[in-house]
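Asker: Before I ask anything, let me first share the structure, which is written out below as structure tokens.
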Amino acid sequence: MRVDAFQYELPLELIAQHPAEDREQARLMVVPPGAAPQHRLIADWPDLVPPTALVVLNDTRVIPARLIGRKKDTGGRVEILLARFIEEREIPVGPGEARVAQVWETRGKSTKPLKPGTDVEVLRRDDATRPALIARLLGQADDGLLEVALWAPDGEPFDAALRSCGRVPLPPYVRREDGPHDGSRYQTVYARYDGAVAAPTAGLHVTNAALERLTARGCEVACITLHVGLGTFQPVRVDDLDQHAMHAERYVVPRSTAEAVARARARGAPVFAVGTTTARALESAADLSRLGGVRVAMEETRLLIQPGYGWRVVDGLLTNFHLPRSTLLALVCAFAGTGPVLDAYRLAVRERYRFFSYGDAMLLRRSR
């Protein structure tokens, strides 16, 4: 399908630069199939999910993936954005000395091109004179990324060193530096497993109180884990989505969630996904031998969902407003219909909804 089918006009001032003061006070557009959209608040969404439904969350945790440093030889400023962990590898760091380093695919930015073998001192946020990590450029990786090895020069555990120097990896359309509130607000309240370099943004609206209201109404709550990568912001550079190379994302569907889906099907209850990442994981793990079921899975997905896709698992979707001409918007159009979704987006623009990661949300039921 042509990517320009997912175009809409968005005034720049509607791109949210900060989260709502309270998670539950963000706006919510409810788009019932074949009916006029309703304007509500996120606080209302647990009451709009049918009793006994299964609600599935993505419990990935965003890591402080943005690193600021200086070239060890010249002192030139370097910015590194972690994209995907590859492996641990032994790296020579001096004559007769080696360190076990974490090797990552990254994006890098500096005043002059980064060359293989360049070492970068990643500075602590509270002490710019002492590096927390050393980053060595190993070479080029796929998709224009760089392969970088990282280790703590003083032997500090990697995770602790990263926390002391890393910054919140705010999306490129948030045009400001990260602040004190971003550490908690660019993270879901149920985040559990480190690995994402971008937040599963629909989940940023969910509170513990909302989850308690869901269970009080007889809903079941389960989790998948999909580590969101930088590819979520990757622009579509082809005219036809069939030619777009989707980024790979690691995901896990645990046995407890596969069993929860089976119980929902047995009682005739719908499955609601919080976020497009949750929807992709569930659909990637669809069990073709059981209608509406999912497999236990621990793998990567490159699933591209666009209009014409045959949904197997997800019946309801809580999602933010997405970029024009994006694969995420294509997924939402595949779920609820291109015409109704784009009409809802145009209405959201007229009604001054806030867009993208820190913006408002929609609640959708799958079009049949």
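Asker: Please determine whether any residue of segment 234-255 is out of contact with any Leu (no Cβ under 9 Å at 6 or more places or on another chain), surrounded by 20 or more Cβ atoms within 10 Å (Cβ to Cβ) and of a type outside the set (Val, Ile, Thr).
Answerer: Checked segment 234-255: no residue is out of contact with any Leu (no Cβ under 9 Å at 6 or more places or on another chain), surrounded by 20 or more Cβ atoms within 10 Å (Cβ to Cβ) and of a type outside the set (Val, Ile, Thr).
Asker: Would you be able to tell me the number of residues in segment 215-250 that are in a loop (DSSP other than H, G, I, E, B), more than 23 Å from Arg107 (Cα to Cα) and of a type in the set (A, V, I, L, M, F, W, C)?
Answerer: The total comes to 1.
Asker: Another question, then. In this structure, is Gly268 buried (at least 17 other Cβ atoms within 10 Å of the Cβ) and closer than 22 Å to Pro32 by Cα?
Answerer: no
Asker: Which residue out of Arg99, Arg125, Arg136, Arg70 is under 30 Å from Arg192 (Cβ atoms) and part of a strand (DSSP E or B)?
Answerer: Sole residue among the options that is under 30 Å from Arg192 (Cβ atoms) and part of a strand (DSSP E or B): Arg99.
Asker: I've got another one for you. With the checklist (1) crowded, with 16+ Cβ neighbours inside 10 Å; (2) modelled with pLDDT under 95; (3) not acidic (Asp, Glu) in hand, flag the one item Val103 doesn't pass.
Answerer: (2)
Conditions (1) under 21 Å from Leu318 (Cβ atoms); (2) modelled with pLDDT under 95; (3) outside any helix (DSSP H, G or I); (4) not assigned by TED's automatic domain parsing to the domain that holds Tyr251, marked per residue:
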site	(1), (2), (3), (4)
Pro153	no, yes, yes, yes
Pro172	no, yes, yes, yes
Val189	yes, no, yes, no
Ala199	yes, no, yes, no
Ala202	yes, no, no, no
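Asker: Let me ask something else. Across segment 282-295, what is the total count of residues that are in a loop (DSSP other than H, G, I, E, B) and of a type in the set (A, V, I, L, M, F, W, C)?
Answerer: 3
Asker: Right, next: Can you tell me which residue is farthest from Asp143 (Cα to Cα) among those in segment 104-122 that are outside any loop (DSSP other than H, G, I, E, B) and not charged (D, E, K, R)?
Answerer: Among them, the one singled out is Val122.
Asker: Let me ask another. Check Arg136, Arg124, Arg130 and return the single one that is in contact with a helix residue (DSSP H, G or I) (Cβ under 7 Å, 6 or more places away or on another chain) and either among the small types (Gly, Ala, Ser) or over 27 Å from Ala16 (Cβ atoms) (or both).
Answerer: Arg124
Asker: Six or more apart or on different chains, Cβ under 7 Å: which pairs go from a residue in segment 94-108 that's assigned by TED's automatic domain parsing to the domain that holds Asp143 and more than 15 Å from Leu133 (Cα to Cα) to one that's outside any strand (DSSP E or B) and among the small types (Gly, Ala, Ser)? Could you list them?
Answerer: Matching pairs, first to second residue: Glu105/Ala141.
Asker: Just to check your reading of the model, which residue among Gly179, Gly218, Gly229 is small (Gly, Ala, Ser), farther than 30 Å from Arg265 by Cα and surrounded by fewer than 18 Cβ atoms within 10 Å (Cβ to Cβ)?
Answerer: Exactly one of Gly179, Gly218, Gly229 is small (Gly, Ala, Ser), farther than 30 Å from Arg265 by Cα and surrounded by fewer than 18 Cβ atoms within 10 Å (Cβ to Cβ), namely Gly179.
Asker: With the checklist (1) in a loop (DSSP other than H, G, I, E, B); (2) within 30 Å of Arg167 (Cβ to Cβ) in hand, flag the one item Thr52 doesn't pass.
Answerer: (2)
Asker: Among the residues of segment 316-351, write down those that are touching a Leu at 6+ places or on another chain (Cβ under 9 Å) and either outside the structural domain of Val221 (by TED's automatic domain parsing) or not in a helix (DSSP H, G or I) (or both).
Answerer: Result: Gly316, Leu317, Leu318, Thr319, Asn320, Phe321, His322, Leu323, Pro324.
Asker: Sticking with this one: Quick check on this structure: which one of Leu303, Leu331 is of a type outside the set (Phe, Trp, Tyr), closer than 20 Å to His227 by Cβ, surrounded by fewer than 21 Cβ atoms within 10 Å (Cβ to Cβ) and in contact with a helix residue (DSSP H, G or I) (Cβ under 7 Å, 6 or more places away or on another chain)?
Answerer: One residue alone meets the criteria, Leu303.
Asker: Also, quick follow-up: Can you spot a residue in segment 296-303 that is in a loop (DSSP other than H, G, I, E, B), touching a residue at least 40 places away in the same chain (Cβ under 8 Å), within 28 Å of Pro172 (Cα to Cα) and not small (Gly, Ala, Ser)?
Answerer: Taking every residue of segment 296-303 in turn, at least one turns out to be in a loop (DSSP other than H, G, I, E, B), touching a residue at least 40 places away in the same chain (Cβ under 8 Å), within 28 Å of Pro172 (Cα to Cα) and not small (Gly, Ala, Ser).
Asker: Which ones in segment 1-36 are more than 26 Å from Leu241 (Cβ to Cβ), more than 20 Å from the chain's Cα centre (by Cα) and among the polar types (S, T, N, Q)?
Answerer: Listed by number, the list holds a single entry, Gln25.
Asker: Tell me, which residue of segment 122-145 that is hydrophobic (A, V, I, L, M, F, W, C) and under 12 Å from Leu67 (Cβ atoms) is surrounded by the most Cβ atoms within 10 Å (Cβ to Cβ)?
Answerer: That would be Ala135.
The values are calculated or read from the model by the stated rules, or taken from the named source; none is laboratory data. Everything quoted here is computed from the prediction, not taken from an experiment. Note that each Cβ is placed from the backbone with ideal geometry, even for glycine, and that neighbours are counted across all protein chains shown.
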